[in-house]
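The structure appears right after this line, and notes come after that.
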Amino acid sequence: CNSGQVGQEWNKTHTICAHGDSYDKKLGTCFGDSGGPVLAFRNNRWTLLGIISFGHDIRDLTKKKKKCNASMPFYFVRLNHYIDWISQQTNITFS
């Protein structure tokens, strides 16, 4: 996550970084996933942790296609950092 792909430092307060090597190579973000949920099963229930922001797709110039790249870090907006703002905008109180 600190590879310099997104600059020297990424904002850990606003962002969650995950690295594909930590997971099954078939899992990770891909083009078109932005805005999707990032969930974790905690305390016997699903919890929304973040929103997919970006990853590192591979552009195959010979076939003019994009490929997913689960071996590189991918980044999520850290939802708990914005929970007060979301609550104010929606008039919903979160526990």
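Conditions: (1) open to solvent by 80 Å² or more (accessible area, probe 1.4 Å); (2) closer than 18 Å to Cys68 by Cβ; (3) modelled with pLDDT of 60 or more. Lys26 meets all but one. Number of the miss?
Evaluating Lys26 over (1) open to solvent by 80 Å² or more (accessible area, probe 1.4 Å); (2) closer than 18 Å to Cys68 by Cβ; (3) modelled with pLDDT of 60 or more leaves (3) as the failure.
Take the residues in the stretch 44-67 that are open to solvent by less than 70 Å² (accessible area, probe 1.4 Å) and modelled with pLDDT under 75; name whichever of them is nearest to the chain's Cα centre (by Cα).
Gly55
The values are calculated or read from the model by the stated rules, or taken from the named source; none is laboratory data. Worth saying up front: this structure is predicted, and the values here are computed from it rather than measured. Here Cβ is always computed from backbone atoms with ideal geometry, including for glycine, and neighbour counts include all displayed protein chains. Please note that ligands, DNA and RNA were not included when accessible areas were found on the heavy atoms of the full protein model with its side chains. Shrake-Rupley method; radii C 1.70, N 1.55, O 1.52, S 1.80 Å.
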